[in-house]
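Just below is one structure, and these are the notes that go with it.
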Amino acid sequence: MTQIEPGKTRIGWIGTGVMGRSMCGHLIDAGYDATVFNRSTDKTRLLVDKGAKLADSPKTVAENSDVVFSTVGFPSDVREVTLGENGILAGARSGMVVVDMTTSQPSLAVEIAEAAAAIGVQSIDAPVSGGDTGAKNAALSIMIGGDAETVRRIDPLLQKMGKTIVYQGGPGSGQHTKMVNQTLIASGMIAICEGLLYAHKVELDIPTVLQSVSSGAAGSWSLSNLAPRMINDDFDPGFFVEHFLKDMKIALDEASQRNLALPGLALAYQLYNAVAAQGHSRDGTQSLILALSQLNGIGWTGESGS
């Protein structure tokens, strides 16, 4: 692959949902020609309106690209769009780069890297954190595993999507780092919901409470970005509950393989299972407040409660 350059380097994008649509859009805005694929073609409309070409398969995307990105849902989706009969590697050629930005299994990232290397292709695992807001604002944290020189070459593309871009090591290292990220978030989300419920129960004004605690030692991205959504009854997905459950399950499985006990993560996993059981699997992760309020016999209706 030659030097990355707008107007010359062709990018491909597979998965144009909540995150991928914005991320690919930044690259198109920067002058890169794009070919896109999504199982639901209606989700590609905004990118096609920007000038992207619509492909009928991941294989076709690869045949028309120099660097192919993917942001799909589950490890099974990653396997299908990358290693499947009509997947990326089926249409890849020597010198291409494949960048999976899905949160997926570290072992699968290694498997894909090995399969790609066998045909002269470099595969990078680069999961992200920052949610829909980070994607829209090109402010994502990108955690990267793979060949260091390849990562250096595609850095101009990554810079258009993220603010914190850190190389973690060889194949799978980006995914392992994302497991650390999700473990940190999981227990923190419980604490945020419990704090809001406490404030509600003692009849404090919750937005005023957030003014005090968000900038202190309790401050976090989730507190600043998701707690306001909770008090406004905004449960639209910046990140789906069902995807967070997938991530936590991967982290728990990886920990179990290493005889590592993570009780806080296990508790969060069970509480989010309750969220999904209550019908919120396609809502945002902030809907945890609904499950915990129900546990306490509180009908949550934002800042006023009930």
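Read the figures in this text as sums done on the coordinates, not as results from a lab. Owing to the predicted nature of the structure, the values given are computational and were not obtained by experimental measurement. Using ideal geometry, Cβ is built from the backbone for each residue, glycine included, and neighbour counts are taken over all protein chains shown.
Could you work out [θ]222 nm for the chain from helices alone, using -39500 (n - 2.57) per DSSP H run of at least four and dividing by all its residues? Round to the nearest 500 deg cm²/dmol.
-13500 deg cm²/dmol
Using the charge dipole of the chain (Lys, Arg: +1 at Cβ; Asp, Glu: -1 at Cβ; taken about the Cα centre), state which of G120, Q105, M189 has its Cα farthest towards the positive end.
Working it through, the farthest residue towards the positive pole turns out to be G120.
Tell me, what is the FRET efficiency for D236 and E149 to the nearest 0.05, using R0 = 35 angstrom and their Cβ-Cβ distance as r?
0.30
Compute for the stretch 32-126: radius of gyration divided by Kirkwood radius, i.e. Rg/Rh, restricted to C-alpha atoms, rounded to two decimals.
Using only Cα positions, Rg/Rh for the stretch 32-126 is 0.95.
Compute from the Cα atoms of the stretch 177-295 the Rg and the Dmax, the latter being the longest Cα-Cα distance, and quote both in angstrom.
Here Rg and the maximum Cα pair distance are 14.3, 45 Å.
Compute the relative contact order of the chain as a whole-number percentage, counting only Cα pairs closer than 8 Å that sit 6 or more residues apart in sequence.
13 percent
In what order do K178, K160 fall by count of nearby beta-carbon atoms within 10 Å, going from fewest to most?
Ordered by Cβ neighbours within 10 Å, fewest first: K160, K178.
Using 1/(1 + (r/R0)^6) with R0 = 45 angstrom and r between the beta carbons of Q278 and I119, what's the FRET efficiency to the nearest 0.05?
So, using R0 = 45 Å, E works out to roughly 0.45.
In what sequence do F239, F244 fall when counting other Cβ within 10 Å, fewest first?
With the sparsest Cβ surroundings first, the list reads F239, F244.
What order do you get for W300, W13 when you list them from fewest to most C-beta neighbours inside 10 Å?
W300, W13
Please work out the ratio of the alpha-carbon Rg of the chain to 2.2 N^0.38 Å and round it to two decimals.
1.04
Using the Kirkwood radius built from alpha carbon pairs, what does the Stokes-Einstein equation give as D for the stretch 10-171 at 20 °C and 1.002 mPa s, in µm² per second?
Using the Kirkwood radius from Cα pairs, D works out to 142 µm²/s.
How much of the DSSP beta bridge set in the chain is antiparallel, as a percent to the nearest 5?
Antiparallel bridges: around 15 percent, rounded to the nearest 5.
Which whole-number percent is the relative contact order of the stretch 1-98 (Cα, under 8 Å, 6+ apart)?
31 percent
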